[in-house]
1. If packing is taken as the average count of other Cβ atoms within 10 Å, what order do 126-133, 31-38, 78-85 fall into, highest mean first?
2. Just tell me which lysines come within less than 19 Å, Cα to Cα, of LYS154; anything on the same chain fewer than 8 places away is out.
3. For HIS75, list long-range residues whose amide hydrogen, built 1.01 Å from N in the peptide plane, is under 5 Å from its own amide hydrogen.
4. When you have a sec, figure out the Kirkwood radius of region 117-240 from all distinct Cα pair distances and drop it here in Å to one decimal?
5. With a bin width of 10 angstrom, please list the P(r) values of region 21-83 as percents of all Cα-Cα pairs, from the 0 bin to the one holding the largest distance.
6. So what are the ³J(HN,Hα) numbers for region 196-203, from phi and the Karplus equation (6.51, -1.76, 1.60; θ = phi - 60°), rounded to whole Hz, Gly and Pro as x?
7. What is the Cα coordinate range of the chain on the first, second and third principal axes, sorted by size from largest, in whole angstrom?
8. Relative contact order of region 100-246: what whole-number percent is it, with Cα pairs under 8 angstrom and at least 6 residues apart?
Amino acid sequence: MSQSSNLSSLSYAKSPVVIALDFDDIDRAKSLVNQLSPEQCRLKVGKEMFTLFGPDWVRYLVERDFDVFLDLKFHDIPNTVAKAVSAAAKLGVWMTNVHACGGQDMIQAAKEAAHSSQSQAGVSPPILTAVTVLTSMDERQFSAIYQSNDIAAKVLELALLAQNSGADGVVCSAKEAVMLRERVNKNFCLVTPGIRPAGSALDDQKRVMTPNQAIQAGVDYLVIGRPITNAPSPVEALAQINASLT
Ligand SMILES: O=c1ccn([C@@H]2O[C@H](COP(=O)(O)O)[C@@H](O)[C@H]2O)c(=O)[nH]1
């Protein structure tokens with residue numbers, strides 16, 4: 001089945017897969033991007049590629065009409081985060097994010113910055129998401145920080161804080177999606193890294209689900225890096241993931 005016919009069986013105009021482009025070699029990244037189309041996937045630029053290659057790399061992807069998630073997880077005083085989000089919005093990114101534990105004032109400042117910058121730049125404002133508890137955390141690591149084993153309760157607390165502060169959604173594990181879907185607004189967006197097709201290496205991810213389990217749990221966007229980028233054929237790996245979504 002072709003990639004486009006795989007997608008036509010879904011209810012999305014575009015695939016919900018966001019490929020995490022975590023490369024230290026820009027030529028390898030470009031070679032992959034040049035084999036992809038904006039209907040097959042969105043693209044995520046994180047700390048590694050942004051630090052190595054900067055805003056020009058983001059512009060390269062935006063100019064090719066990809067929805068770009070700038071995943072820099074801002075966490076600082078409100079003024080600093082607002083200015084960083086404003087800069088991201090002016091790059092024309094589709095989504096950017098902050099850490100929810102930066103608090104209400106920081107998230108509100110980020111949201112206001114996203115909206116005011118987009119009107120100056122004449123582009124749509126980026127979706128603003130807030131990171132709850134990293135998907136690389138298990139109960140052992142979590143309890144060393146929070147003196148509790150209840151990751152789901154902290155994810156819910158941070159998601160409600162984010163929602164009440166104006167964020168459009170959260171980054172969480174798909175394991176928390178069913179619980180969140182019952183408690184957050186219908187259009188609050190759930191973005192989930194820690195996605196592993198059955199049989200894939202977990203790497204440093206701890207709270208994982210398969211792509212289709214995540215979609216069934218109510219996730220909006222699946223962030224997937226190494227299972228695609230380290231595959232013998234990343235394009236084929238993406239096609240198989242898209243085809244697995246029901
Ligand atoms: O809680 C989080 C937040 C962000 N990430 C990012 O997602 C990708 C996941 O890549 P994989 O190779 O599929 O593990 C990566 O860029 C992380 O920085 C996350 O994993 N968990």
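1. Answer by packing, highest mean first, reads 126-133, 78-85, 31-38.
2. Within the straight-line limit of under 19 Å, LYS154 reaches these lysines: LYS73, LYS175, LYS206.
3. Sorted by chain and number, the residues that satisfy this are HIS99.
4. 15.5 Å
5. Once binned at 10 Å, the Cα pair distances of region 21-83 give 20, 51, 21, 7.
6. The phi angles translate into 9, x, 3, x, 6, 5, 7, 6 Hz.
7. Principal-axis extents of the Cα atoms in the chain, largest first: 47, 42, 33 Å.
8. 21 percent
FYI, it's all coordinate maths here, none of it is from the lab. Quick caveat, the model's predicted, so the values are computed rather than measured. Using ideal geometry, Cβ is built from the backbone for each residue, glycine included, and neighbour counts are taken over all protein chains shown.
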